[in-house]
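First the structure, in the form of structure tokens, and then the observations on it.
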Number of protein chains: 2
Amino acid sequence: MTADQLIRQHRTADATVTVLAGGLPLANRRVTVAQRSHKFLFGANAFDLVRLANDEVAGEERAKLETRAEQWLALFNFATLPFYWGRFEPERGRPDTRRLLVAARWLADRGVAVKGHPLCWHTVQPDWLLPLSNDEIREAQKARIRREVTDFRGLIDTWDAINEAVIMPVFANGENGITRICRADGRIATVRMAFETARESNPHAFLLLNDFDMSTAFECLIEGVLEGGVAIDALGLQSHMHQGYWGEEKTLSIVDRFARYGLAIHFTENTLLSGHLMPPEIVDLNDYQVDDWPTTPAGEARQADEVVRHYKTLLSQPSIEATTYWDLTDGGWLKAPAGLVRLDGSPKPAYEALLGLVKGEWWLEPTPMVTDAQGKLSFSGFLGDYEVSDGGRAADFQLAQKGPAFIEVSLPG
Amino acid sequence: MTADQLIRQHRTADATVTVLAGGLPLANRRVTVAQRSHKFLFGANAFDLVRLANDEVAGEERAKLETRAEQWLALFNFATLPFYWGRFEPERGRPDTRRLLVAARWLADRGVAVKGHPLCWHTVQPDWLLPLSNDEIREAQKARIRREVTDFRGLIDTWDAINEAVIMPVFANGENGITRICRADGRIATVRMAFETARESNPHAFLLLNDFDMSTAFECLIEGVLEGGVAIDALGLQSHMHQGYWGEEKTLSIVDRFARYGLAIHFTENTLLSGHLMPPEIVDLNDYQVDDWPTTPAGEARQADEVVRHYKTLLSQPSIEATTYWDLTDGGWLKAPAGLVRLDGSPKPAYEALLGLVKGEWWLEPTPMVTDAQGKLSFSGFLGDYEVSDGGRAADFQLAQKGPAFIEVSLPG
């Protein structure tokens, strides 16, 4: 089967909707059916939008951020917000909770699901951990997990519980407290600490084990963590492609290796460039530092093609429940031209191409349909929330599972 | 501290030996003290010697193998014998047990400890596994482990219980039954199967988890296996250096990463070349196939230097209990000039250099010493078995632990 056929198979329902009004079938009536949202999580980080949500910008910068927010909300329904400990709580006891609560609520009000990233990581750590003993670091890490998961409960129920645990105990690029405790306790104990502490604070939390390491190392870690009985909700696979698009074959082989654990998969950090690629000999992407990394017309055409191929590949695989683009706009991590939108705010071809899938090929615009004598109408649609309307009255329904779906909807009045 | 100082610290005892004769101190007497063996396991594979031990060769070939055996026994006290399943039992039910028993006994009679390699591996598998179901493969693998460990008990109590489990479930270079069950069961369950089956068959077995993968993947596997409660006696680290000597820094950093699990470490497959190096871009060493790979004078000088540096680095680390050279003679795996001995049977400089350590710098030749008025003599020696003799009478003693040792030895008669 082609990717398009697999996407239809795994992501759509064949709905038979019986429309009722006043308890009776609404027969032979022209109604309008419209999709309201996707079940699939089309994500991006939303770090930029924290300032907008908090009214911290004015004038031209505000106008720019408002445009960005519109572009963001047109395409995405799943946001990653930053909880890097060293920036969230640079001074011990003064966490940035209020600003992040405002941002999370701003997103939730706009129908966006929010993930916090990350609760435990060895990079971007507060300096004040360094003089502490291992016992004190462990307690501080657990207290910080408890605090964030509790404070944001209901607004943020999805968390990268731990990030990059594969290299955590051997990370050598700068001293930090988390590498110290992970080296002392081992990876599995550290993963367990992060998951169990988060779970205690929010039994309904959806918790990810997130890593950039797509080698057998991450497989071995996952097997050890599962052996240890840690309850993982999803695997997070980073897929920064600064050195070039993986292509369908490599992507599918990676999904295949990680899907066999029977866990949901999130592609958590997708990057595709619209400029020159990072040289292949770079091992730690952070080692590639440039002053300027321009987007180019040829690069933008390539990126648009690759974005479409990448998203089609991901949606063709039923284990994948979310994919997060990193980031919407150029000028983010490493100054790479990874955005779907240029620095001047204009959308690149990749933005239009992805929008053409998410709100085009994979979307049902408001569509007139006519019910039959039993009040039934049939259509095939991508999983998500829908609305049926008849003049001024409307009712919602959901396509929650792939395959045949038989649904009754009652219009009010 | 230098490597030499660390070796003295970790590998020698300061012995005070009281020599008795007829229950009384043998005072002011000139005796001879001689080392008989090393506690440290200086190993090599002994695949060649199976034919010699079994009297399968005659004439010139026999003479050549006898020379090789002399060279082998002068340097090594620890042999690896081949138990590759596909060669050991190419026809189901007709294992090569008798020949290997003869070889193991031949080695044991010469004071050599023997390790069997390996009980479970995905490479060199018998073809007859392929048509079997996973359940049947699993049972066949367990039965084979039980059989070998039981048949060789007492002669071979050390086994590579499982080899290269990191890549086992994703190994793609040829279909094989073991990858199938490892993919179905997971790495940890497969490791547990190998260890528990071997342990049931010989509760005194010393069992290794052996791998070539020195990356974080092997660390993650080890942590998972320990989390799963599998009783591992030692980690086996392969160190084929066909692409060049690792150097002290890399070697120490690898030892440091794996020593933190508190398990004994064996360097199980050490290879240093005396010819050109394999190009760095080769990932699977098996992909480098050449007709001829000559040893060169410059390469032999480099190899001798590297062998000394490598062995000194390994012995300076207290976690390391064994190191196995792969192989004694040129023309082995990949035809690489990895031997310490040339194809014509003449020793290379590396052989002489290593012998100069093992039976020279780290060895006590028969040495005259004089006891004091209390019958005591003192010396510092490498851990192992010793003999003190006075004319025709002699007695053995052991330096078993580093540091100060107070020993009484009774001469007969």
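Of note:
- Prolate/oblate/rounded call for the range B:176-237, Cα gyration tensor, a/c under 1.5 rounded: oblate
- Derived from the Cα gyration tensor, the three semi-axes of the equivalent ellipsoid of the protein assembly as shown are 64, 30, 25 Å, largest first.
- B:I167 accessible area, 1.4 Å probe, all protein chains in place, Å² to nearest 10: 40 Å²
- Heavy-atom accessible area per residue - the protein assembly as shown, 1.4 Å, Å²: 40 Å²
- Drop in accessible area of at least 20 Å² in the complex versus isolated chain, residues of the range A:201-220, 1.4 Å probe: A:T216, A:A217, A:C220
- Of the residues B:W85, B:L107, B:H117, the one whose Cα sits farthest towards the positive end of the charge dipole of the range B:67-130 is B:L107 (charges of +1 on Lys and Arg Cβ, -1 on Asp and Glu Cβ, taken about the Cα centre).
- Three-way shape label, the range B:179-289, alpha-carbon gyration tensor, a/c 1.5: prolate
- Translational D in µm²/s for the range B:111-188 (Stokes-Einstein at 37 °C, 0.692 mPa s, Kirkwood Rh from C-alpha pairs): 248 µm²/s
- Separation of alpha-carbon centers, the range B:376-413 and the range A:1-40, rounded to whole Å: 89 Å
- Distance from the range B:43-117 to the range B:274-339 (C-alpha centre basis), Å: 21 Å
- Inverse mean reciprocal Cα-Cα distance (Kirkwood Rh) of the range A:284-371, Å: 14.8 Å
- Pairwise centroid distance, computed over Cα atoms, of the range A:148-207 with the range B:118-195, Å: 35 Å
- For chain A, a simple Cβ point-charge model (Lys and Arg +1, Asp and Glu -1, everything else neutral) yields a dipole of about 1000 debye relative to the Cα centre.
- Convex hull of alpha carbon positions in the range B:58-143: directionally averaged projected area 6.9 nm².
- Size-normalised alpha-carbon gyration radius of the range A:1-69, reference 2.2 N^0.38 Å: 1.92
- Within the accessible surface of the protein assembly as shown, defined with a 1.4 Å probe on protein heavy atoms only, the carbon and sulfur portion equals 51 percent.
- For chain B, built as a Gaussian network whose Cα springs stay under 10 Å, the top-fluctuating residue of B:D292, B:D160, B:D213: B:D292
- Start at zero, step by 10 Å, and the Cα-Cα distances of the range A:267-332 spread as 17, 46, 31, 6, 0 percent across the bins.
- Solvent accessible area, Å² - A:K402, 1.4 Å probe, full protein context: 100 Å²
- Counting only Cβ charges, +1 for Lys and Arg and -1 for Asp and Glu, the dipole size of the protein assembly as shown around its Cα centre is about 1440 debye.
- Residue of A:P347, A:P131, A:P318 that the Gaussian network model of chain A assigns the largest fluctuation, springs spanning Cα pairs under 10 Å: A:P131
- Convex hull volume per residue, computed on the Cα atoms of chain B, equals 163 Å³.
- Gyration tensor (alpha-carbon) shape descriptor, the range B:317-413, a/c threshold 1.5: prolate
- Judged by a Cβ-Cβ distance under 4.7 Å, the unpaired cysteines of chain A are A:C120, A:C182.
- Charge dipole (debye, nearest 20) of the range B:254-378; +1 at Cβ of Lys and Arg, -1 at Cβ of Asp and Glu: 500 debye
- When the range A:125-246 is described by a simple charge dipole with +1 on each Lys and Arg Cβ and -1 on each Asp and Glu Cβ, the residue from A:A205, A:A143, A:I156 located farthest towards its positive end is A:A143.
- Dimensionless Rg/Rh of the range A:221-348 - Kirkwood Rh, Rg from C-alpha atoms: 1.01
- Which of B:M168, A:M193 is most accessible, then next, and so on - probe 1.4 Å: A:M193, B:M168
- Residues in the range B:134-160 reached by a label modelled at B:T97 [backbone nitrogen below 17 Å; 7 Å Cα→Cβ]: B:140-157
- Accessible-area value, A:E61, 1.4 Å probe, nucleic acids and ligands omitted, Å²: 80 Å²
The values are calculated or read from the model by the stated rules, or taken from the named source; none is laboratory data. Small disclaimer: the values here were computed from a predicted structure and weren't measured. Using ideal geometry, Cβ is built from the backbone for each residue, glycine included, and neighbour counts are taken over all protein chains shown. Calculation scope for accessible area: heavy atoms of the full protein, side chains included, ligands and nucleic acids excluded. Shrake-Rupley method; radii C 1.70, N 1.55, O 1.52, S 1.80 Å.
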